[in-house]
Structure formats: structure tokens, C-alpha cells
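> Attaching a single structure in C-alpha cells format; questions to follow.
Read the figures in this text as sums done on the coordinates, not as results from a lab. Being a predicted model, the structure only gives us computed values, none of them experimental. Cβ atoms come from the backbone with ideal geometry, glycine included; neighbour counts cover every protein chain shown.
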Amino acid sequence: MTGQQASRITYTLDSSLDSVNKVEQTAEQMARKAGVDEDEIFRISMAVREAAVNAVLHGNAYDPEKRMTASFENTGSSLVIRITDEGKGLDPSTLPDPLAPENLLRGSGRGIFLIRSFMDEVHFRQLHPGTELTLIKHLGSAPAGA
Amino acid sequence: MSMKISTRQVDGVTILDLGGRITLGEGSVQLRDSVRDLLGKGQKKILLNLGEVNYIDSSGIGELVSAYTTVRNQGGELKLLNLTRKVHDLLQITKLYTVFDVKDDEASAIASYGHA
């Protein structure tokens, strides 16, 4: 399902890897259209992919009854991407630091860290049920994570 | 979208030439299965050639770490060869660059393995 309001596009998607790929590709197209450079396109699309993976895998746990929504908006000064799931909710303060020596060799737990590294702002909101993740990249800002 | 893997042997070292994307549900599983197969055959000197890997996500990074620890725990050595700039940068950001033994020349990488 697709809805469009001004420059915002919203998708409601099932909890699948195909949905993750679609969200990633949409972010890439949006960033490219906004005129950011190739390195930033990579960072933005990767951050959005990680957010979508979190929604589908950790939030909705691939539940076919649960949906992920993804909205993409270019405000002129920023790219704003919102990803929501219908899962149990995510408290980012409980996430272990993937850079801590005791966590370096863990096989998972780097997604949120990469999102924060690559975007200018990241906001979490509890939806009861679910989580909304807002990713913001300011246009014209210095590259993050470089 | 998926990853390509081919395997070759050079002086007792198994080189996995990887290409494409190492991501959740695609390349990650292929990489895990390939490394497990090699260990099952007793091939414990493994060199992952990432020169043609153009994309890796956090799941793929996690799979590299898991492969590294799995091989090491079985008394083997897993090293990385020919990182693209994107993969290099990701390993730097996640502080994994110094965890892995990273090589940029195949011949010297082969020579760096111990002779069991």
C-alpha cells in the first residue's frame, strides 16, 4: 500500500527480507535524488536497511500478521525516514555497547550502532505495541562516520 | 543481490573468493555454510578474499566475526584479503579491523600461515 502527501512516501509492508530490500532501495533512490554523494548514499541506505532489519527481524519476528511501515520525506533541509514495527518494543538504553572489548567478538548487536554512526539524528519512540525509529540526515552536513 | 563464492587451494590454504553482498538471509548463510564445510573437511587455514564484495551489512559483519571465532576455536586461522574501502571503513568503525588479520597481497597472505 502506498500513500503520498507532498514529498512524503509511505509504504506498509509485510515482515520479509523483500520488504527490507525495498526499503533500502527506496532510501538509496531518495538520497540519490537529493544530490548527496556516493559515500553518503551508501551510509544512508545502509542505516535505513539496518532499521528495516530491526523492524522485521527483532520487532515483528517475521510474523506474517505484523506489518512494517516506512516513510520517506525530503523536507528540503533534511531527509527524514521513519520505520515502525508492531513488535514488543525496543529500549535502546538496554543495548550492549558493541565496541566494548567483551562484545567485540559477538556475532550480532551492531545494527543500531551503525545507524547512529551513519545518521545525524536517530530517535526512538514506543508505540505500544511496537517501535518507531526516525532517522534524519541533514542535507549539506559533513559526512557522518567518515 | 546474492553472494557468489568460489573455492581454491594454494599451498595448503583454502581461499574463498567472495563477491556480491554479504547480508542477512543471503550471503551470511552461504558464508557460514562454506566455512562449516571447510572445517568439516579438516581445512582450517582459510583466507576470505573480499575483493569483489561490494556490500556488507551488520549481519554480514557478524558472520565474519562468527567465522573467525569458529575457525580459531577449532585451532585454525581465518584471515581477510583485499578489503574494499567500504568494508575496510565498516571494520574500522566497529573496531574489528585490528581483531582480524587483514592482508592486501595474496602471496604474502598465503606465506603468513603457519606450517602445521
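> Could you name the lysines in cross-link range of B:Lys45, using Cα to Cα under 27 Å and dropping any fewer than eight places away on the same chain?
The qualifying lysines are B:Lys4, B:Lys79, B:Lys86, B:Lys95, B:Lys103.
> Given 20 °C and 1.002 mPa s, compute D for chain B with the Stokes-Einstein relation, Rh being the Kirkwood radius over Cα pairs; round to the nearest whole µm²/s. Don't skip to the end; give the middle numbers.
Details: Rh = 13.9 Å.
Answer from the Stokes-Einstein relation: 154 µm²/s.
> Roughly speaking, what is the stretch gain from A:Glu102 to A:Ala34, that is 0.36 nm per residue apart minus the C-alpha to C-alpha distance, in nm to one decimal?
Contour length minus the Cα-Cα distance gives 20.5 nm.
> Compare B:Gly60, B:Gly12, B:Gly40 in a GNM of chain B, Cα atoms joined below 10 Å, and give the one with the largest fluctuation.
Top of the fluctuation ranking is B:Gly40.
> Within a 10 angstrom radius of each residue's Cβ in A:101-110, how many Cβ atoms of other chains show up on average? Whole number is fine.
Whole-number average of other-chain Cβ neighbours for A:101-110 is 5.
> Counting other beta carbons within 10 Å of each residue's own, what order do A:Glu50, A:Glu73 fall into, fewest first? Walk me through the numbers before you get to the answer.
Details: A:Glu50 27, A:Glu73 18.
Listing A:Glu50, A:Glu73 from fewest to most nearby Cβ atoms yields A:Glu73, A:Glu50.
> State to the nearest 20 debye the size of the charge dipole of chain A about its Cα centre, where the only charges are +1 on K and R beta carbons and -1 on D and E beta carbons.
Working: 15 positive and 20 negative charges, 34 e Å.
With only Lys, Arg, Asp and Glu charged at Cβ, the dipole is about 160 debye.
> From the residues A:Leu57, A:Ser78, A:Ile115, which one has its Cα farthest along the dipole of segment A:2-138 in the positive direction, the dipole being from +1 and -1 charges on Cβ of Lys/Arg and Asp/Glu about the Cα centre?
Most positive-ward Cα: A:Ser78.
> If you fit an axis through the alpha-carbon atoms of helix B:27-40 and take the longest principal axis of the Cα set of chain B, what angle between them do you get, 0 to 90°, nearest 10?
It works out to around 10 degrees.
> For chain A, what does the relative contact order come out to in percent, with C-alpha contacts under 8 Å and a separation of six or more?
Once normalised by length, the contact order is 25 percent.
> What average count of beta carbons from other chains do you get within 10 Å of the Cβ of residues in A:111-123?
That works out to 2 on average.
> Considering only A:Thr12, A:His138, A:Gly87, whose Cα is most displaced toward the positive end of the charge dipole of segment A:2-138, charges sitting on Cβ of Lys, Arg (+1) and Asp, Glu (-1)?
Comparing the listed Cα positions along the dipole, A:Thr12 ranks first.
> While we're on this one: Specify the angular offset, from 0 to 90 degrees and rounded to the nearest 10, of the alpha carbon long axis of helix B:58-73 from the longest principal axis of the alpha carbons in chain B.
Rounded to the nearest ten degrees, it is 20.
> Next up: Determine the calculated [θ] at 222 nm for the protein assembly as shown from helices alone, applying -39500 (n - 2.57) to every DSSP H run no shorter than 4 residues and normalising by the residue count; nearest 500 deg cm²/dmol.
Counting only the DSSP helices, I get -10500 deg cm²/dmol.
> Return the single residue from B:Leu90, B:Leu78, B:Leu16 with maximal mean-square fluctuation; model: Gaussian network over chain B, springs between Cα atoms under 10 Å.
B:Leu90
> Additional query: Based on Cα coordinates alone, diagonalise the gyration tensor for segment A:33-146, multiply each eigenvalue by 5, take square roots, and list the semi-axes in whole Å, largest first.
Output for segment A:33-146: semi-axes of 23, 19, 11 Å.
> Set Lys and Arg Cβ to +1 and Asp and Glu Cβ to -1, take the dipole of segment B:3-110 about its Cα centre, and tell me which of B:Gly51, B:Gln74, B:Ile5 lies farthest positive.
So the residue we want is B:Gln74.
> To the nearest 20 debye, what charge dipole does the protein assembly as shown have about its Cα centre, counting +1 at the Cβ of each Lys and Arg and -1 at the Cβ of each Asp and Glu?
Result for the protein assembly as shown is approximately 220 debye, rounded to the nearest 20.
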